[in-house]
1. Answer yes if at least one residue in the stretch 205-214 is open to solvent by less than 10 Å² (accessible area, probe 1.4 Å) and within 9 Å of the ligand (Cβ to nearest atom), and no otherwise.
2. I need a count of the residues in the stretch 70-82 that are more than 16 Å from the ligand (Cβ to nearest atom) and either open to solvent by less than 80 Å² (accessible area, probe 1.4 Å) or modelled with pLDDT under 95 (or both).
3. Let me confirm something: among N191, N120, which residue is out of contact with any helix residue (DSSP H, G or I) (no Cβ under 8 Å at 6 or more places or on another chain) and within 30 Å of L66 (Cβ to Cβ)?
4. Would you mind finding the one in V96, V136, V125 that is of a type in the set (A, V, I, L, M), in contact with a helix residue (DSSP H, G or I) (Cβ under 7 Å, 6 or more places away or on another chain) and either surrounded by fewer than 17 Cβ atoms within 10 Å (Cβ to Cβ) or closer than 22 Å to A69 by Cα (or both)?
5. Here is a list of conditions, (1) away from the ligand (no atom under 16 Å from the Cβ); (2) part of a strand (DSSP E or B); (3) small (G, A, S), and S98 meets all of them except one; can you say which number that is?
6. So E4 ticks every box in (1) open to solvent by less than 30 Å² (accessible area, probe 1.4 Å); (2) more than 28 Å from V89 (Cβ to Cβ) but one. Which box is left unticked?
7. Quick one: in the stretch 96-132, of everything that is of a type in the set (D, E) and over 14 Å from the mean Cα position of the chain (by Cα), which residue is farthest from N155 (Cα to Cα)?
8. Could you please find all residues in the stretch 154-198 being touching a residue at least 40 places away in the same chain (Cβ under 8 Å), closer than 17 Å to M127 by Cα and within 16 Å of the ligand (Cβ to nearest atom)?
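The values are calculated or read from the model by the stated rules, or taken from the named source; none is laboratory data. Please read all numbers here as calculations on a predicted model, not as lab measurements. Because the Cβ atoms are built from the backbone with ideal geometry, glycine has one as well, and the counts that use them run over all protein chains shown. Just the protein is used for accessible areas: all its heavy atoms, side chains included, with ligands, DNA and RNA removed. Shrake-Rupley method; radii C 1.70, N 1.55, O 1.52, S 1.80 Å.
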Amino acid sequence: MNLETRKEQLDQRIINAVNRIGRQPAEIKLLAVSKTRPATAIRSLAALGQQAFGENYLQEAINKILQLADLELEWHFIGQIQRNKTAAVAENFDWVQSIDRHVIAERLSAQRPESLADLNVCIQVRMSKEAGKGGVSKEDLFALAETIATLPRINFRGLMAIPENTSDRDKQRLAFREMNSLYKKLKTLHNTVDTLSMGMTGDFELAIEEGSTMIRVGTALFGPRPKIQP
Ligand SMILES: *Cc1c(COP(=O)(O)O)cnc(C)c1O
């Protein structure tokens with residue numbers, strides 16, 4: 001299957017999911033997760049109208065951002081951020097979705113160049129102990145949000161979640177539902193919050209049904225990822 005067909009099929013699945021619950025397609029932003037994919041594949045997808053791309057590995061991402069500088073793309077950093085890499089993230093991306101510590105937020109704020117628009121940021125929440133590394137606990141979320149909301153040059157947009165890898169649909173649904181209630185609570189506290197980033201290839205329809213505003217899709221767009229990372 002080629003990229004164009006995969007994109008059309010994905011768009012149709014998004015439409016079907018929003019229709020089931022009476023939402024609008026425009027309420028869901030599609031982030032194309034392009035880690036491990038060559039710049040040529042990103043260029044082809046951009047030619048089909050896709051603008052927002054997500055990357056996990058800093059050096060790989062920066063190489064591609066440079067190669068694609070002639071396009072008007074929106075770059076999201078969605079990987080784990082090391083403390084000594086925050087300047088490069090602040091200088092090269094439009095969004096960072098994976099903030100999970102005060103020090104990372106503070107460094108991104110201090111290092112965001114004045115010449116660029118404010119950096120859009122989401123807090124990554126660890127949904128359960130099994131959900132892998134990265135992410136702030138639900139208990140510490142609101143304190144981190146307070147800090148972020150006061151920092152200059154970053155714009156607090158919302159939450160990002162990576163759920164536990166499980167095939168138990170009920171468990172997944174409950175986890176998404178809990179994220180949505182945290183998101184709604186955060187919205188009442190911070191008026192810049194408008195983004196709930198959850199849902200990937202295996203679970204985006206469920207995430208849309210449970211209130212996601214941004215899905216992060218790699219495999220369903222580009223095909224299976226090569227096992228070996230570049
Ligand atoms: C790789 C990745 C995705 C996309 O995963 P697919 O299953 O290929 O859609 C989404 N979010 C994050 C944080 C990722 O690392």
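1. Just the residues of the stretch 205-214 that are open to solvent by less than 10 Å² (accessible area, probe 1.4 Å), to begin with: 207-208, 212, 214.
Okay, now just the ones that are also within 9 Å of the ligand (Cβ to nearest atom), so none.
For the stretch 205-214, residues open to solvent by less than 10 Å² (accessible area, probe 1.4 Å) and within 9 Å of the ligand (Cβ to nearest atom): absent.
2. If we filter the stretch 70-82 for residues that are more than 16 Å from the ligand (Cβ to nearest atom), which is where we start, we get 70-73.
After this cut, where a residue has to be either open to solvent by less than 80 Å² (accessible area, probe 1.4 Å) or modelled with pLDDT under 95 (or both) as well, the list is 71, 73.
Residues flagged as more than 16 Å from the ligand (Cβ to nearest atom) and either open to solvent by less than 80 Å² (accessible area, probe 1.4 Å) or modelled with pLDDT under 95 (or both) within the stretch 70-82 amount to 2.
3. Values: N191 fails: within 30 Å of L66 (Cβ to Cβ).
Going through N191, N120 in turn, the sole match is N120.
4. Working: V136 fails: either surrounded by fewer than 17 Cβ atoms within 10 Å (Cβ to Cβ) or closer than 22 Å to A69 by Cα (or both); V125 fails: either surrounded by fewer than 17 Cβ atoms within 10 Å (Cβ to Cβ) or closer than 22 Å to A69 by Cα (or both).
None of the others qualify; the one that does is V96.
5. It fails just one condition, (1).
6. (1) is the only condition that E4 fails.
7. Step one: list which residues in the stretch 96-132 are of a type in the set (D, E), which gives 100, 106, 114, 118, 130.
Okay, now just the ones that are also over 14 Å from the mean Cα position of the chain (by Cα), so 106, 114, 118, 130.
On the way: E106: 12, E114: 14, D118: 6, E130: 30 Å.
The residue in question is E130.
8. G158, M160, P163, A175, M179, T195, S197 - these are the residues of the stretch 154-198 that are touching a residue at least 40 places away in the same chain (Cβ under 8 Å), closer than 17 Å to M127 by Cα and within 16 Å of the ligand (Cβ to nearest atom).
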